[in-house]
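Working notes for the structure below.
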Amino acid sequence: MQLLDGKVVSAKIKEDIKQEAAEFLKETGRKPHLVAILVGNDGGSETYVASKMRNCEMVGFDSTNIRYGVEITEAELIAKIKEINTDASIDGLIVQLPLPPHINPDKITEAIDYRKDVDGFHPVNLGRMQRNLPCFVPATPYGIMLMLDHYNIETAGKKAVIVGRSNIVGSPMSILLARNTQPGNCTVTITHSRTQNLREEVLQGDIIVAAIGKKNFVTADMIKDGAVVIDVGINRETSTETKSGFKLYGDVDFEHVAPKTSWITPVPGGVGLMTIIGLLKNTLEAAKGTIYKD
Ligand code: NDP
């Protein structure tokens, strides 16, 4: 078993991004600029946004965190997004999910100018990704592809089984792994809560992507010997063992699954760090205008 080590890969790619951001500053006199909107005070969301902002600073981007209380209306939030859409000093905009129940996340996603949609959730970006056209690829799947590429994981002709079909992880992952590229060229099965005989499906996988949101959901008896296992899950539990007061667990029972695998991502230290890289790369592309020229 070998680790797909998010710390190693993200540190290396971050150095490249930092250099490119410095060149961008030299050429244009400004830094790439990411704005993150955070509504409410969900503990997980606060941690993710703080980490995104910190990473922006580390690579030489400007970052702004706009915070609202849960009482903000959908119309007010959309008005703010429209203002940012027309602000030339801002390259990328993300609205951290989940949103309070009175705000429709689809409406919010569609209100963002797709040219600033560095999370890659806007239907224009998802449609362009499906057609293999230049676009912002959702940050987590983008980061996973960069990790597979870094470790030169052979994917062509392999059977990939994805557990979870969300718009932000499972579904885009299925598109990217089925593409005629390296990494890619997999035969993809996408599974979900209505899948019958899930264990048998997962057992067929040479590559497993677990994006369910349930601690230890993928167990050793579901894994074929030598499989590559990508654990996307982030499950937070309160803990007295850590300074932060919580501990993170993946969707994979790492202790028992790892010995059967050829490669596996740890949690923490795996996909989460690569998601940040996907976001930083998209923000840099947005600033440089390499994907959308106008
Ligand atoms: P969603 O809740 O949107 O989707 C979960 C998926 O898992 C759904 O498709 C659901 O099926 C499926 N599922 C749930 N229960 C079962 C079951 N018993 N059997 C089979 N499938 C099941 O989650 P996300 O995709 O947004 O996130 C998944 C996990 O990844 C979470 O832990 C999240 O925190 C984490 N995450 C981590 C990121 C990172 O950077 N590392 C980034 C984004 C997410 P159905 O569609 O039928 O309901």
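The values are calculated or read from the model by the stated rules, or taken from the named source; none is laboratory data. Treat the numbers as computed from the prediction; the structure is a model and nothing was measured. Using ideal geometry, Cβ is built from the backbone for each residue, glycine included, and neighbour counts are taken over all protein chains shown.
Could you list all residues from segment 9-22 that are closer than 18 Å to THR265 by Cβ and surrounded by 15 or more Cβ atoms within 10 Å (Cβ to Cβ)?
Filtering segment 9-22 down to residues closer than 18 Å to THR265 by Cβ leaves 9-14.
The answer is VAL9, SER10, ILE13, LYS14.
Among the residues of segment 212-221, how many are buried (at least 20 other Cβ atoms within 10 Å of the Cβ) and more than 11 Å from the ligand (Cβ to nearest atom)?
0
Any idea which of (1) over 29 Å from VAL59 (Cβ atoms); (2) within 15 Å of the ligand (Cβ to nearest atom) is the one VAL271 doesn't satisfy?
Evaluating VAL271 over (1) over 29 Å from VAL59 (Cβ atoms); (2) within 15 Å of the ligand (Cβ to nearest atom) leaves (1) as the failure.
Would you kindly identify the strands (runs of 3 or more DSSP E) lying entirely within segment 175-294 that contain at least 1 residues that are modelled with pLDDT under 95? It would help to see each step written out before you state the result.
Working: elements: 187-191, 207-210, 228-231, 235-238, 246-249.
Per the criteria, 235-238, 246-249.
If you take the residues of segment 23-66 that are modelled with pLDDT under 95 and loosely packed, with under 15 Cβ neighbours inside 10 Å, which of them is nearest to LEU280 (Cα to Cα)?
Filtering segment 23-66 for residues that are modelled with pLDDT under 95 and loosely packed, with under 15 Cβ neighbours inside 10 Å, the one nearest to LEU280 (Cα to Cα) comes out as GLY44.
Of the conditions (1) surrounded by fewer than 24 Cβ atoms within 10 Å (Cβ to Cβ); (2) within 13 Å of the ligand (Cβ to nearest atom); (3) under 16 Å from the mean Cα position of the chain (by Cα), VAL209 fails just one. Which one is it?
Status for VAL209: all satisfied but (1).
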